[in-house]
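Reviewing the structure listed below.
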Protein chains: 2
Amino acid sequence: MTATGGKGDVGFEAAWDTGDDAAGEGARAAPGAGYPDLPTTAYLVLGVLIVTDESLTAGEIKVRSQHTVGHFYWAPAVSHIRRELARLIEHGMAAERTIHVGRRKMTVYESTARGERALRAWAEALPGDEPVMTKHPLMLKIWLAGDTEPARVLEAIDRYLDTVQKSIDELQWAQSRGRELGLLDDPRSRYPQAVTMYTLRSLYAEMANIRQLRDDIDWNMGDAYQKYADHPKTSVRRRVRPEPGTEPAEDG
Amino acid sequence: MTATGGKGDVGFEAAWDTGDDAAGEGARAAPGAGYPDLPTTAYLVLGVLIVTDESLTAGEIKVRSQHTVGHFYWAPAVSHIRRELARLIEHGMAAERTIHVGRRKMTVYESTARGERALRAWAEALPGDEPVMTKHPLMLKIWLAGDTEPARVLEAIDRYLDTVQKSIDELQWAQSRGRELGLLDDPRSRYPQAVTMYTLRSLYAEMANIRQLRDDIDWNMGDAYQKYADHPKTSVRRRVRPEPGTEPAEDG
């Protein structure tokens, strides 16, 4: 964040905050359920430990988050993950242990049975029917493009298409890796796997959708039409219809 | 925000903040361009005034935002819109005037020429190739569903499908209204119109995608398969292939 940009953004953050709260309140286990009132990110970190069913370092949690929940919700930074892990441990919802890999010592984290119960209660309380919150910077740019040259807009679209392709590649890589490790057949991975397949279809649909947007802009506002100046143009002969009431009566 | 939920969410907000900043820094006009360093929401409000080309009350700006930028970026609350309008007026980027509708006095807002130049500079500086930020509460719920009964997950999916349909209906309504008012043919509406068409296709694609997810969950985890218990099941006769090396040599 730039020093000058700070104050101005407060309102904007506050609004996301509001949206987040709306989701968050429903998301929290009912008071008295015996579980602490933790932020969404704590449950995301716990969810990664539980869904992957692994002992993970904080850095590994970050990578796993990017390949999973990052595609449809949010992948926290490592520093943020460490903060939430401390909180989860404090509440007995996760445990840490030190392992030795060669000469290196590493701290790995695992969920506890209490953590698994807490996550279940939290996830079940999620209504899940709230609208999706989307911030699509490219659409904002195009929506506000005014009299910008189409060529400049098309450039931005092409760069964005590259980022979509990169997301598809990463997800396909993660799927291949999961197949290689035999993780996809685990009955416990059915729900996460259904979500991954949804995410992948979304990315391909976005690719197709953006490609049409690109062509629409090129043909409607750019010079793609002019490029076909020597394309044979037949004349259009609209059919002449008789005036109402003057048609011959139909037989039978 | 609940009093108890406050502290815990700080980190999560801060992360969205970071994402926002990443977009925001690129988004801001270069220093020295002569325009003030305003938050994204100020430019969204200004963009609504410019794209609609209307004199609007704060309440009308909110409704227009919901039907436009709200679908792909963010629709601020009226109180927030008022705050940004005050800022825009202070910087000479918007103007207010009082109109009389019957006996009622209303304050309406319009963009100024300076505001239009500032918005153009701001929008052109947007890179537009940043990844989309998506928070999809339903996917989070399903991803974390663990051993939840499929029937409960399907219920949440059905409620969400209703919200997608509602968004489609609203956008179709707004399109019909624009057609009725002859706004769609205005050459200045070409970029915004291309974005609206993209948004509409996105919503229909989401509908189709979620329906497949629903069926995948029902058939893979639910009792849809059992419902077809009396469906004739032919036996599967896998073809027997000769052992490698025992096939007769191919002719010619």
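The values are calculated or read from the model by the stated rules, or taken from the named source; none is laboratory data. On a predicted model such as this, the values are computed, not experimentally measured, just so you know. Glycine gets a Cβ as well: all are built from the backbone with ideal geometry, and neighbour counts include every protein chain shown.
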Could you go through region A:158-171 and let me know if any residue there is closer than 30 Å to A:Glu116 by Cα, modelled with pLDDT of 90 or more and among the hydrophobic types (A, V, I, L, M, F, W, C). yes
Counting only residues in region A:102-115 that are touching a residue at least 12 places away in the same chain (Cβ under 8 Å) and of a type in the set (A, V, I, L, M, F, W, C), the one farthest from the other protein chains (Cβ to nearest Cβ) is identified as A:Met106
Residues of region B:222-248 being of a type in the set (Phe, Trp, Tyr) and not in a loop (DSSP other than H, G, I, E, B), in sequence order, are B:Tyr225
Looking only at helices (runs of 4 or more DSSP H) that lie completely in region B:72-162, which have at least 3 residues being surrounded by fewer than 23 Cβ atoms within 10 Å (Cβ to Cβ)? B:78-90, B:113-125
Checked pairs for region B:130-150, first among the β-branched types (Val, Ile, Thr) and at pLDDT below 95, second buried (at least 24 other Cβ atoms within 10 Å of the Cβ) and part of a loop (DSSP other than H, G, I, E, B), C-beta under 6 Å and 6 or more apart or across chains, list as B:Val132/A:His136
Do we have A:Ala208 as farther than 23 Å from B:Pro127 by Cβ, part of a helix (DSSP H, G or I) and not assigned by TED's automatic domain parsing to the domain that holds A:Gly47 here? no
Quick check on my filter: what residues within region A:41-89 are polar (S, T, N, Q), within 9 Å of chain B (Cβ to nearest Cβ) and within 22 Å of A:Gly182 (Cβ to Cβ)? A:Thr68
Counted residues in region A:132-155 being of a type outside the set (Val, Ile, Thr) and either more than 7 Å from chain B (Cβ to nearest Cβ) or farther than 18 Å from B:Thr196 by Cα (or both) come to 7
Looking at B:Asp215, B:Asp185, can you tell me which residue is more than 7 Å from every other protein chain (Cβ to nearest Cβ), within 26 Å of A:Asp129 (Cβ to Cβ) and out of contact with any helix residue (DSSP H, G or I) (no Cβ under 7 Å at 6 or more places or on another chain)? B:Asp215
Being assigned by TED's automatic domain parsing to the domain that holds B:Asn220 and in contact (Cβ under 8 Å) with a residue 12 or more places away in the chain narrows it down to one of B:Ala156, B:Ala118, so name that one. B:Ala156
Only listed residue being within 23 Å of the chain's Cα centre (by Cα) and acidic (Asp, Glu), chosen from A:Glu180, A:Glu206, A:Glu247: A:Glu206
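Rundown of residues vs (1) buried (at least 16 other Cβ atoms within 10 Å of the Cβ); (2) at pLDDT 95 or above, yes/no style:
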position: B:Trp173; (1), (2): no, no
position: B:Gly182; (1), (2): no, no
position: B:Asp186; (1), (2): no, no
position: B:Ser202; (1), (2): yes, yes
position: B:Ala208; (1), (2): no, yes
position: B:Val236; (1), (2): no, no
position: B:Pro242; (1), (2): no, no
position: B:Ala249; (1), (2): no, no
